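Participant: Sharing a structure here in structure tokens format.
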Amino acid sequence: MALPVQTQTKIWGIVAVVFFAVLWALGNVLLPFLIGSAIAYLLDPLADRLEARGLSRTAATAVISVGFALVAAAGLLIIIPAMIRQLIDLIQLAPELTAQARTFIETRFPSIGEQISQLHGTLPGIGETVRERGVEVLTSVLSGAMSFVNVVVLIFVVPVVTVYMLLDWDRMVAQIDALLPRDHAPTLRRLAGEMDRTMAGFIRGQGLVCLIQGSFYAVALMLVGLNFGLLVGVFAGLISFIPFVGSLVGGALSIGLALFQFWDQPLMILLVAGIFAFGQVVEGNFLTPKLVGGSVGLHPVWLLLALSIFGTLFGFTGMLVAVPISAMIGVLVRFAVEQYRCGRLYLGVEARDGAKAPADRDDPAAE
């Protein structure tokens with residue numbers, strides 16, 4: 001005899017409460033395991049393709065691990081040191097940039113020069129303070145991030161978790177499937193498939209979009225000779241998973257730097273602005289439609305809300321689980337709407353007459 005709906009609701013409600021309580025209490029401990037699981041999830045389709053070509057799961061995992069390690073090592077040895085150097089240079093140049101900002105304002109906007117005259121003694125002081133304290137703060141942050149425990153966790157635990165999760169991924173999925181409640185197994189499999197397609201379509205697709213945009217911005221800004229172009233380009237690419245934010249923030253930073261570096265060359269400033277305008281056009285009209293698609297069900301506002309809530313409640317660990325949880329909630333909401341449209345509360349008199357819910361061809365929940 002199946003459990004009553006009220007009992008099932010209580011059980012799954014308790015499971016959800018326990019999950020969020022554990023996430024809140026053990027977020028920092030779970031972080032490397034979540035990162036490893038996320039990487040394994042992203043690499044599982046590649047392992048499946050290698051298996052289809054005749055490799056065993058162990059061999060496929062070994063090939064992927066070696067390739068991933070080489071790419072990560074190249075990034076750590078080439079890109080990361082260059083970004084750190086540019087960040088240190090940016091801090092060292094803070095007084096000069098401040099002076100250039102004052103000169104630019106006085107030259108371009110003489111009418112407001114008198115209004116900011118009282119800041120003349122303050123701005124250089126701010127610049128000197130940033131230069132003196134900035135390196136100290138940066139050094140403290142880097143030393144804290146590179147402490148022994150963090151090094152062990154990030155360098156050893158995450159790869160180990162990734163390898164084992166990737167090796168046993170299909171087996172774990174089969175075991176979870178065997179534990180599904182028999183009465184609801186078909187429905188749960190369908191919902192899990194929709195969640196997987198939603199997360200895969202967004203995470204893998206948007207990850208490629210971020211990688212392409214970050215590479216384009218970094219290379220283009222370096223080619224035009226913009227100082228700190230690599231740093232700004234990579235940062236803009238990292239935050240490009242939120243539509244328009246990467247281009248707007250990266251464009252504002254780049255144009256601001258270009259105003260100081262090329263203040264007497266308007267064409268160069270327009271060129272820097274054009275890079276981000278071009279990047280946004282390509283992203284909106286080609287990259288996102290082709291790589292992400294329009295059916296993942298994650299609205300930008302909903303994603304931003306999920307990131308804000310989970311980031312506030314659970315820190316960086318919460319931000320890692322925000323996308324999959326928001327995707328799951330979205331699928332469950334669409335399923336609830338589908339059930340509502342087939343129920344007596346929605347149909348009313350028609351339900352008593354045996355009529356079916358009207359199908360809305362434009363509503364994906366009704367398909």
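Participant: Counting just the residues of the range 308-321 that are closer than 18 Å to Val17 by Cβ and free of Cβ contacts under 8 Å to residues at least 40 places away in the same chain, which one comes out least open to solvent (accessible area, probe 1.4 Å)? Write out each step before concluding.
Facilitator: Going through the range 308-321, the residues closer than 18 Å to Val17 by Cβ turn out to be 309-310, 313-314, 317-318, 321.
Filter again for free of Cβ contacts under 8 Å to residues at least 40 places away in the same chain, leaving 309-310.
Values: Ile309: 80, Phe310: 23 Å².
Taking the candidates together, the pick is Phe310.
Participant: Can I ask one more? Identify the residue in the range 166-217 that is of a type in the set (Asp, Glu) and within 23 Å of Asp48 (Cα to Cα) and, among all such residues, is surrounded by the fewest Cβ atoms within 10 Å (Cβ to Cβ).
Facilitator: The residue in question is Asp177.
Participant: OK, next. For residues in the range 248-272 being part of a loop (DSSP other than H, G, I, E, B) and of a type outside the set (Phe, Trp, Tyr), which is modelled with the highest pLDDT?
Facilitator: So the residue we want is Gln265.
Participant: One residue is enough: does the range 273-291 have a residue meeting the conditions part of a helix (DSSP H, G or I), free of Cβ contacts under 8 Å to residues at least 12 places away in the same chain and hydroxyl-bearing (Ser, Thr, Tyr)?
Facilitator: no
Participant: What do you reckon, is Thr317 within 18 Å of the chain's Cα centre (by Cα) and either among the charged types (D, E, K, R) or at pLDDT 80 or above (or both)?
Facilitator: No: the conditions fail for Thr317.
Participant: Scan (1) open to solvent by 40 Å² or more (accessible area, probe 1.4 Å); (2) under 17 Å from the mean Cα position of the chain (by Cα) for the single condition Leu55 breaks and write down its number.
Facilitator: Every condition holds for Leu55 apart from (2).
Participant: Among Val66, Val15, which is at pLDDT 80 or above, assigned to a helix (DSSP H, G or I) and more than 28 Å from Leu313 (Cβ to Cβ)? Even if it seems obvious, please write down each step before you answer.
Facilitator: On the way: Val15 fails: more than 28 Å from Leu313 (Cβ to Cβ).
Unique residue meeting the criteria: Val66.
Participant: Please specify each residue of the range 159-201 satisfying the condition of being in contact (Cβ under 8 Å) with a residue 24 or more places away in the chain, among the acidic types (Asp, Glu) and in a helix (DSSP H, G or I).
Facilitator: Result: Asp170, Glu194.
Participant: Among the numbered conditions (1) open to solvent by less than 70 Å² (accessible area, probe 1.4 Å); (2) at pLDDT below 85; (3) among the hydrophobic types (A, V, I, L, M, F, W, C), tell me where Ile78 comes up short.
Facilitator: (1)
Participant: Just need a number here: residues in the range 223-264 that are open to solvent by less than 60 Å² (accessible area, probe 1.4 Å) and on the phi > 0 side of the Ramachandran plot.
Facilitator: The total comes to 2.
Participant: A follow-up question, please. Against the definition (over 26 Å from Val301 (Cβ atoms), touching a Phe, Trp or Tyr at 6+ places or on another chain (Cβ under 9 Å) and open to solvent by less than 60 Å² (accessible area, probe 1.4 Å)), how does Ala220 come out, yes or no? Write out each step before concluding.
Facilitator: On the way: over 26 Å from Val301 (Cβ atoms): yes; touching a Phe, Trp or Tyr at 6+ places or on another chain (Cβ under 9 Å): yes; open to solvent by less than 60 Å² (accessible area, probe 1.4 Å): yes.
Against the criterion (over 26 Å from Val301 (Cβ atoms), touching a Phe, Trp or Tyr at 6+ places or on another chain (Cβ under 9 Å) and open to solvent by less than 60 Å² (accessible area, probe 1.4 Å)), Ala220 qualifies.
Participant: Being touching a residue at least 60 places away in the same chain (Cβ under 8 Å), in a helix (DSSP H, G or I) and among the polar types (S, T, N, Q) is the filter here; which residues of the range 205-244 pass it?
Facilitator: Gln206, Gln213
Participant: Only one of Trp24, Trp12 is farther than 30 Å from Arg182 by Cα, open to solvent by 50 Å² or more (accessible area, probe 1.4 Å) and of a type outside the set (Asp, Glu). Can you tell me which? Don't jump to the end; show me each part of the working.
Facilitator: Values: Trp12 fails: farther than 30 Å from Arg182 by Cα.
It is Trp24.
The values are calculated or read from the model by the stated rules, or taken from the named source; none is laboratory data. In this text the structure is predicted, and so the values were computed from the model without any measurement. Quick reminder, even Gly has a Cβ in these numbers, built from the backbone with ideal geometry, and neighbours come from all protein chains shown. Side chains are part of the model used for accessible areas, which takes the heavy atoms of the whole protein and leaves out ligands, DNA and RNA. Shrake-Rupley method; radii C 1.70, N 1.55, O 1.52, S 1.80 Å.
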